[in-house]
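See below for the structure under consideration.
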Amino acid sequence: QVQLVESGGGLVQAGGSLRLSCAASGSIFRINAMGWYRQAPGKQRELVATITSGGSTNYADFVKGRFTISRDNAKNTVSLAMNSLKPEDTAVYYCNGQIVRAFGSSVFSYWGQGTQVTVSS
């Protein structure tokens, strides 16, 4: 089994900062891309940021310059530093990992359970 567990969500005032972390554990041979997605009430889940195993990053336009994604390949963790938070950033944030469980196996997408981020105005 593979598990992704997020932590670090919470309530913050507009303009504040939060840091999300996600740790992958279990039967893991290799993790390709990791990323963060979010889903606000009544809206579809959307990409926030991704990072490859080599460290290449991709950000949604609405977080560029405010959020920073990073990962520790040795620890199978990915983090999201969120600064200058806005009320519209309020959502459940999900960690995602593109994971290979054994040599020669296919890549599968795994999700964490989500962590709530609430930004008050």
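The values are calculated or read from the model by the stated rules, or taken from the named source; none is laboratory data. The shown structure was predicted, so the numbers you read here are calculated from the model rather than taken from an experiment. As a convention, Cβ positions derive from the backbone with ideal geometry for all residues, glycine included, and neighbour counts pool all protein chains shown. Surface areas here come from the heavy atoms of the whole protein model, side chains and all, with no ligands, DNA or RNA. Shrake-Rupley method; radii C 1.70, N 1.55, O 1.52, S 1.80 Å.
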Return the single residue from LEU80, LEU11, LEU20 with maximal mean-square fluctuation; model: Gaussian network over the chain, springs between Cα atoms under 10 Å. LEU11
What's the FRET efficiency of VAL100 with LEU11 using the Cβ-Cβ distance as r and R₀ = 22 Å, to the nearest 0.05? 0.05
What residue among ALA60, ALA49, ALA23 has the largest mean-square fluctuation in a Gaussian network model of the chain, using Cα springs under 10 Å? ALA60
Relative contact order %, the chain, counting alpha carbon pairs below 8 Å whose residues are six or more apart: 36
Computed ³J(HN,Hα) along region 102-115: with the Karplus parameters 6.51/-1.76/1.60, θ = phi - 60°, integer Hz and x for glycine or proline, the list is 7, 4, x, 7, 6, 8, 10, 9, 10, 10, x, 7, x, 9
Using a 10 angstrom Cβ neighbour count of at most 11 plus a DSSP loop assignment to flag exposed chymotrypsin sites (Phe, Trp or Tyr not before Pro), which longest range of the chain is free of such sites? 30-102
Across GLN44, GLN98, GLN13, the residue with the highest GNM fluctuation in the chain (Cα network, 10 Å cutoff) is GLN44
Taking a probe of 1.4 Å, how large is the accessible area per residue of region 37-121, in Å²? 53
Take ASP72, ASP89 and sort them by solvent-accessible surface of the protein heavy atoms, 1.4 Å probe, largest at the top. ASP72, ASP89
Give me the percent of accessible area attributable to carbon and sulfur for the chain, probe 1.4 angstrom. 49
